[in-house]
Each structure stands twice: as C-alpha cells, then as structure tokens.
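Beneath this line is the structure, given in structure tokens, with notes to follow.
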Amino acid sequence: MKMAGFKGMGGGMGGNMNQMLKQAQKMQEDMVKMQEELQKKTVDASSGGGMVQVVVSGKMELVDLKIKPEAVDPEDVEMLEDLIKAALNEGIRKAQEMTSSEMSKLTGGLKIPGLF
C-alpha cells in the first residue's frame, strides 16, 4: 500500500539529505588529502638558545635532531637530556598547532571531536 500523501514531503527532504551526504563525502576526501599533505610538512624547534634543534613532521615524528658540540658535557648529561626533551616537546606542540590550524581551515573552525 502506497502512502501518496507523503510522496511530496519525502522528495524535498531526500534532496537535502543527498546534498548533505555529498558535502560530507567531499569534506572527508578533503581531510584525507590534507592529512597526507600535513604528513609531508615539518616544523623546526630548538632549546638552549639553539644548542639542540629538532625537526618534527606533521605525523608527530622526529625527522631530524642536531646537537651542538658545546651542549655535550660528560659531567652534565642531565642538562643535555633536558634540552632534547624541551626541543622535542616544542616541536610536537608546533606540529599539533600546525595540524589543528590546517584542519580548522577545512572545517570552518568547527571542532569535531576525535578529529584533531
């Protein structure tokens, strides 16, 4: 049994739903593309006035680490460890900031839980 009285109502909602699904699919495709691009980007960070320098990728991976010879003091290994941790943490923070900034451009500033 057909419900003829509801035919016109469903058509209008169906068109809106299809449009929303297309927009969501495009956004998903754009996000995948952006994530691939972000994985190729890097940020630089340093600590100790440039004594330790790091490069961190958009994948939150350490890409490069440089330590100036004067930062290496066999009598104070703890200081070098602290400089490395500080530089790496700053690099990760910058990479997260870069990722969040790029994603917010895509989502128009809308915060989507679990996305970034």
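So here's what we get for this one:
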read-out: Neighbour cut-off at most 13 other Cβ (10 Å), DSSP loop, GluC sites (Glu not before Pro), region 12-96; value: Glu61, Glu75
read-out: Among the listed pairs Lys26/Lys105; Lys33/Lys66; Lys22/Lys59, those beyond 26 Å (Cα-Cα); value: Lys33/Lys66; Lys22/Lys59
read-out: Debye intensity ratio in log₁₀ form over the Cα atoms of region 7-107, taken at each q of 0.11, 0.15, 0.22 Å⁻¹; value: -0.50, -0.69, -1.02
read-out: Proximal aspartates and glutamates to Lys41, defined as alpha-carbon separation beneath 18 angstrom and excluding residues fewer than eight positions away on the same chain; value: Asp30, Glu61, Asp64, Glu90, Glu97, Glu102
read-out: Normalised contact order of region 7-107, rounded percent, pairs of Cα under 8 Å and 6 or more residues apart; value: 27
read-out: Lys66-Gln23 FRET efficiency (beta carbon distance; Förster radius 41 Å; 0.05 resolution); value: 0.35
read-out: Sorted by Cβ density within 10 Å, fewest first, the residues Met103, Met17; value: Met17, Met103
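A short reminder: the numbers here are calculations on the coordinates, not readings from a lab. Model, not experiment: these values are computed from the prediction. Neighbour counts are summed over all protein chains in view; Cβ atoms, including those assigned to glycine, are modelled from backbone coordinates with ideal geometry.
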